[in-house]
Amino acid sequence: ATPDVETFYRAQQGKYELLELPERITPRGLSPLPVVEIVDLKEELKAGNTSLFSHSLATNINDTLAKGEQIILFLNRRGTATFVQCRSCGFAIRCPRCTVALTYHSVEKKLICHRCRYSIPVPQSCPRCLSRRLKFLGVGTQRVEEEMKQLFSKVPLVRWDKDVVTKRRSYDELLANFRSGKANVLIGTQMIAKGLHLPEVTLAGVISADIGLNLPDFRAGERTFQLLCQVAGRAGRGLGAGKVIIQTYSPGHYAIQAASTHDYLAFYNQEIEYRHQFGYPPFSRLVRLLYGHTNSFLCQKEAERASRLLLAERDREGIPDLSLIGPVPAFISRIRGRYWWQLVVRGVDPAKFIARISLPKGWVIDVDPVGLV
């Protein structure tokens with residue numbers, strides 16, 4: 001349904017054989033894909049709605065529950081609040097070992113680092129200025145669960161994310177409970193988006209389609225499109241017709257527009273144009289070089305030294321189509337006490353070029369990286 005852009009490009013070039021499944025098969029026979037509605041969250045805020053659920057989503061949840069059908073609510077971020085910030089001095093509570101904010105988890109009543117699992121109890125006052133004006137900001141699946149319980153207190157629901165599915169087979173029990181009708185609503189991250197056949201689900205709600213859309217990665221739009229299409233594909237797989245509601249602050253984005261019409265070709269044509277314009281795969285190949293060190297200054301100096309070495313070697317060999325992006329700090333520049341800087345080498349065959357370069361211990365070489373963050 002949503003092949004990678006590079007894969008589809010190779011099929012278009014005749015390097016792969018393209019096999020298409022243009023129709024979806026359900027107990028009703030050939031079944032159309034669900035109707036998708038895009039809700040502009042900016043307009044919801046203008047209308048005074050500060051709930052996680054737009055007016056349209058809340059209405060459709062009510063209607064679906066009244067008919068005894070099931071619902072999936074998707075948000076690709078776990079926890080209750082993304083970060084905790086002091087309203088007096090602006091300080092955000094961060095992990096001392098990683099350059100990320102601690103996420104509030106209401107069930108555990110702790111602030112937890114999603115990178116190294118460092119955790120602390122929720123402080124009563126700001127560690128910097130001692131103010132008690134702490135604000136919980138951002139949204140995660142636990143927050144969605146709490147708001148659902150407030151608005152629909154009698155509706156049984158289950159949450160499926162990494163915090164809940166901790167044991168190897170625990171997802172079996174969770175999924176069995178939902179399929180058997182013991183719960184009417186399933187809330188989860190991308191775990192619920194792929195491959196599940198839930199014939200009683202007729203409504204899929206995307207709480208925020210913007211998570212991941214603006215990451216500094218050339219595949220951000222592609223991943224957003226894929227996830228939205230996969231979530232939409234969970235609705236209407238049984239006897240009842242499906243409906244999908246996508247909430248977003250970017251309703252005009254080409255990835256969201258294409259997902260709303262299940263139009264892979266529309267997405268692909270726009271995406272491949274951008275890839276060609278900026279020289280990203282499939283029109284080039286990438287090698288991501290990561291360097292880690294416990295000393296921030298030495299980490300930066302080694303990344304800069306390697307960059308000069310690579311540029312000098314490129315010029316010596318006369319490879320005009322090879323370019324470097326960076327060096328820059330990694331998207332998360334410190335993890336578990338180690339600082340990370342990155343270089344991206346772009347060209348026709350950067351792996352062959354890198355193989356001739358001698359890099360010291362501490363470098364991680366990722367050929368054809370899946371992501372850049």
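The values are calculated or read from the model by the stated rules, or taken from the named source; none is laboratory data. This is a predicted model, so every value here is computed, not measured. Cβ sites come from the backbone with ideal geometry, for glycine too, and all protein chains shown count toward neighbours. Side chains are part of the model used for accessible areas, which takes the heavy atoms of the whole protein and leaves out ligands, DNA and RNA. Shrake-Rupley method; radii C 1.70, N 1.55, O 1.52, S 1.80 Å.
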Problem set entry | the stretch 168-273 - percent of accessible surface contributed by carbon and sulfur, probe 1.4 Å | 51 percent
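Calculate, for the stretch 252-373, the solvent-accessible area per residue in square angstrom, rolling a 1.4 angstrom probe over the heavy atoms of the protein chains. Could the numbers behind the result be given before it?
Numbers: 6350 Å² over 122 residues.
Using a 1.4 Å probe on heavy atoms only, each residue of the stretch 252-373 averages 52 Å².
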For this session: Pop the C-beta distance of SER358 and HIS197 into the FRET formula with R0 = 51 Å and round what comes out to the nearest 0.05.
Result: 0.50
Exercise. Once the Cβ-Cβ distance between SER153 and ALA1 is put in as r, and R0 is 30 Å, what FRET efficiency do you end up with, to the nearest 0.05?
Worked result: 0.25
Seminar exercise, completed: Placing each pseudo-label 7 Å from Cα in the direction of the beta carbon, VAL370 and ALA11 end up separated by a distance in nanometres of 2.0 nm
Exercise. Cross-link list LYS42/LYS194; LYS67/LYS243; LYS149/LYS194; LYS109/LYS149; LYS46/LYS110: which exceed 22 angstrom alpha carbon to alpha carbon?
Worked result: LYS42/LYS194; LYS149/LYS194; LYS46/LYS110
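Taking N as the number of residues in the chain, what is its alpha-carbon radius of gyration divided by 2.2 N^0.38 Å? The partial results should precede the final answer.
Numbers: Rg = 23.3 Å, N = 373, 2.2 N^0.38 = 20.9 Å.
Output field value: 1.12.
For MET191, MET148, give me the order by solvent-accessible area with a 1.4 Å probe, most accessible first, ignoring ligands, DNA and RNA. Could the numbers behind the result be given before it?
On the way: MET191 75, MET148 0 Å².
Per-residue accessible area, sorted high to low, gives MET191, MET148.
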For this session: Using a 1.4 angstrom probe on heavy atoms only, work out the carbon and sulfur share of the accessible area of the stretch 1-81 in %.
Result: 51 percent
Exercise. Anyone know which of LEU157, LEU18, LEU102 comes out most mobile in the 10 Å Cα GNM of the chain?
Worked result: LEU18
For this session: Would you tell me the accessible area of HIS276, worked out with a 1.4 angstrom probe on the heavy atoms of the protein chains, in Å² to the nearest 10?
Result: 120 Å²
Exercise. Taking θ as phi - 60°, what are the ³J(HN,Hα) couplings along the stretch 139-156 by the Karplus curve (6.51, -1.76, 1.60), each to the nearest whole Hz, with x for Gly and Pro?
Worked result: 9, x, 5, 5, 5, 4, 4, 5, 5, 4, 5, 6, 7, 10, 5, 9, 8, x
For this session: Provide the net charge surrounding TRP341, with neighbours chosen by a C-beta distance below 12 Å and charges set as Lys +1, Arg +1, Asp -1, Glu -1.
Result: +3
Seminar exercise, completed: Averaged per residue, the 1.4 Å probe accessible area of the stretch 89-145, protein heavy atoms only, in Å², is roughly 54 Å²
Seminar exercise, completed: If one builds a Gaussian network model of the chain from Cα atoms under 10 Å apart, the most fluctuating residue listed among ALA176, ALA330, ALA303 is ALA176
For this session: Would you mind giving the average projected area, over all directions, of the Cα convex hull of the stretch 148-254 in nm² with one decimal?
Result: 8.1 nm²
Exercise. Over what distance in Å are the Cα centres of the stretch 81-117 and the stretch 1-41 separated?
Worked result: 39 Å
Problem set entry | Charge context of PRO320, other residues only, Cβ under 13 angstrom, K/R +1, D/E -1 | 0
Exercise. Given H placed 1.01 Å from N in the peptide plane, which residues other than close sequence neighbours of TYR339 have an amide H under 5 Å from its amide H?
Worked result: HIS293, THR294, ASN295
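Which value in deg cm²/dmol, rounded to the nearest 500, describes the helix-derived mean residue ellipticity at 222 nm for the chain, given -39,500 (n - 2.57) per DSSP H run of n ≥ 4 and division by the residue count? It would help to have the intermediate numbers written out before the result.
Details: 10 runs with 110 residues, N = 373.
One gets -9000 deg cm²/dmol as the mean residue ellipticity at 222 nm.
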Exercise. Kirkwood Rh, the stretch 77-204, all Cα pairs: how many Å?
Worked result: 16.2 Å
For this session: Starting from the amide H of VAL244, placed 1.01 Å from N in the peptide plane, find each other amide H under 5 Å away whose residue is 5 or more places distant or on another chain.
Result: VAL35, VAL36, GLU37, ALA204
For this session: Using label points projected 7 Å from each Cα along Cα→Cβ, tell me how many nm separate ALA66 and ARG87, to one decimal.
Result: 3.7 nm
Exercise. For the stretch 54-112, with equal point scatterers placed on the C-alpha atoms only and solvent neglected, what are the log10 I(q)/I(0) values from the Debye formula at q = 0.27 1/Å, to two decimals?
Worked result: -1.08
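Can you give the net charge of the other residues whose Cβ lies under 14 Å from the Cβ of PRO329, counting K and R as +1 and D and E as -1? Can you show the working numbers first?
Values: positive: ARG288, LYS301, ARG334, ARG338; negative: GLU302, GLU304.
Charge balance near PRO329 sits at +2.
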Exercise. What do you reckon, how do PHE74, PHE278 stack up by accessible area (1.4 Å probe), largest on top?
Worked result: PHE278, PHE74
For this session: May I have the pair-distance distribution P(r) for the stretch 238-373, computed from all Cα-Cα distances with 5 Å bins from 0 and rounded to whole percent?
Result: 2, 9, 15, 16, 14, 11, 10, 9, 7, 4, 2, 1, 0, 0
Exercise. Over the stretch 14-72, with a single point scatterer placed on each C-alpha, what log10 of the ratio I(q)/I(0) does the Debye formula yield at q = 0.14, 0.16, 0.21 1/Å?
Worked result: -0.66, -0.75, -0.94
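Of the heavy-atom accessible surface of the stretch 119-160 (probe 1.4 angstrom), what whole percent is carbon and sulfur? Write down the numbers at each step before the final one.
Working: 1300 of 2520 Å².
That share works out to 51 percent.
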